[in-house]
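Notes follow the structure.
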Amino acid sequence: MQKQNKAVLKKIFTIPNILSFFRLCLIPVIVWLYCIKEDYIWTGIVIILSGATDIIDGFIARHFHMVSDLGKILDPIADKFTQLAVLICLVTRFPLMLLPIVCMIIKETFVGITGFLAIQKSGRVPCADWHGKIATLLLYAMMMLHMFWYDIHSTISILFIVLCTVMIEVSAVLYGIANVKAIKKAELEKENIGNEGKNKK
C-alpha cells in the first residue's frame with residue numbers, strides 16, 4: 001500500500017507539474033503588478049518567466065519521461081488562466097482585447113467539452129497539437145508587444161489582435177475535429193469489441 005502511495009506521489013510531484021503549479025501562483029503577481037502597481041516592464045518580465053517555465057517543463061517532461069495525465073491537464077490549465085489574466089489586464093488599456101478574450105472562452109469551453117468526452121470514451125488524455133502551439137506563440141507575442149510598447153500604433157495593435165483571434169478560432173476548430181474523431185474512434189472500437197464478444201458466444 002505504501003509503495004502504491006509513493007508511486008502515485010511520484011507521478012503527482014514531478015518537476016513539470018511543480019512548474020505548472022508555479023505558473024498558477026504567478027497569476028496574482030501579474031495582475032497585481034499590472035493593475036495595482038502599473039509597472040508594465042516588471043509585469044512583462046514575470047510573464048516571460050512564466051513562459052520560460054512552460055517551455056522548461058515541456059522539455060523536462062518529454063526528455064526525462066515525466067509526462068503524466070495530470071501534467072497534460074495541469075499544464076494547459078496554467079497556460080489558459082495565465083493568458084486570460086493577462087488579456088483581462090490589457091483590456092483596461094486596449095478595449096479590442098475583448099475580442100480574443102471572448103474567442104478564447106468560446107474555444108476553451110468547446111474544446112474542453114469535446115476533450116472531456118474524448119477522454120471519457122477513449123481513456124486517453126490528448127497532447128497539445130501544432131496549431132495550439134502556434135496560437136499560443138502568437139498570443140504571447142501579441143500580449144508582450146502591447147505590454148512593452150506602451151504607445152503602440154492602433155493599426156499595428158488591431159492587426160496583431162485580429163491575427164491572434166483568427167488563429168485561436170482555427171485552433172479551436174482543429175481541436176474540435178480531432179476530439180470528435182477520437183470520440184467516434186473510441187465508440188467504434190467498443191462496438192467492434194462488443195461484436196467480437198457476441199460472435200464468440
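Only the coordinates and a few stated rules stand behind these numbers; no lab work does. Since the structure is predicted, the reported quantities are computational estimates derived from the model, not experimental observations. Note that we place each Cβ from the backbone using ideal geometry, even for glycine, and neighbour counts take in every protein chain shown.
By definition, a body whose alpha carbon gyration tensor gives a ≥ b ≥ c is oblate when a/c is 1.5 or more and a/b is not larger than b/c, and the chain fits this oblate description.
Report note on the peptides 165-178, 103-116: ranked by the mean count of other C-beta atoms within 10 Å, highest first, their order is 165-178, 103-116.
According to the square roots a ≥ b ≥ c of the eigenvalues of the Cα gyration tensor, what is the shape class of segment 1-90, taking rounded for a/c under 1.5, prolate for a/b larger than b/c otherwise, and oblate for the remainder? Prolate.
Assuming R0 = 25 Å, what is the FRET efficiency of LEU96 and ILE177, from their Cβ-Cβ distance, to the nearest 0.05? FRET efficiency, LEU96 to ILE177: 0.30.
At full extension, PHE116 and VAL170 could sit 17.5 nm farther apart than now, given 0.36 nm per residue minus the alpha carbon distance.
For segment 96-201, relative contact order (Cα pairs under 8 Å, six or more residues apart, normalised by length) works out to 48 percent. Here each label is just a point 7 Å from Cα along the line to Cβ, and for LEU84 and TRP42 those points are 2.7 nm apart.
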